[in-house]
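Engineer: Submitted below is the structure of interest, expressed as structure tokens.
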Amino acid sequence: MKSAGRWIVALLVGLVVLAGCGSPAGGDSSASPSSDLLERYGLASLTTAEIVEKLDQSPETRPTKLAGSVRPDQLLLSEGDEQLALDMPDDQFYLSVAPYLTHTHDCFYHNTGSCQG
């Protein structure tokens, strides 16, 4: 059990290091033009990558009112019938790691509004 815990910690540290290697310049679009959806949640001034990070770290009870589906090329935000698509950075990708104790599920696209790792 100790070696499994150390392995998970090492993996998480490696992911943090790799995330820091990404370049902020390039294809990362900021969340503009601003929309009411972004304004309501205080996201209008953030880049797409920053929005994903903020939604993932939200302490809100899951599922949240604002859903974010992280796709390879877009972040799809939705609240009720309102939807907004934001381009993901060209030079980065999103990797979500969530260990499980008793069960798991197929996860084709990470959902920031219902998944919490």
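Engineer: Along region 69-80, what does the Karplus equation 6.51 cos²θ - 1.76 cosθ + 1.60 (θ = phi - 60°) give for ³J(HN,Hα), rounded to whole Hz, x for Gly and Pro?
Structural biologist: Per residue, the Karplus-derived 3J(HN,Hα) values read 9, 8, 9, x, 10, 8, 10, 9, 9, 8, 9, x Hz.
Engineer: So, one more: Sort 98-104, 78-84, 56-62, 109-115 by the packing proxy (mean of other Cβ within 10 Å over each peptide's residues), most packed first.
Structural biologist: Order by mean packing, descending: 109-115, 78-84, 56-62, 98-104.
Engineer: I would also like to ask the following. Please list 3J(HN,Hα) in residue order for region 86-93, calculated via the Karplus relation 6.51 cos²θ - 1.76 cosθ + 1.60 where θ = phi - 60°; whole Hz, with x for glycine and proline.
Structural biologist: The phi angles translate into 10, 5, 7, x, 5, 9, 9, 9 Hz.
Rule-based calculations on the coordinates, nothing more; no lab input. Computed from a prediction, not measured in an experiment: that's the story for all the values here. All Cβ positions, glycine included, derive from the backbone under ideal geometry; neighbour counts span all protein chains shown.
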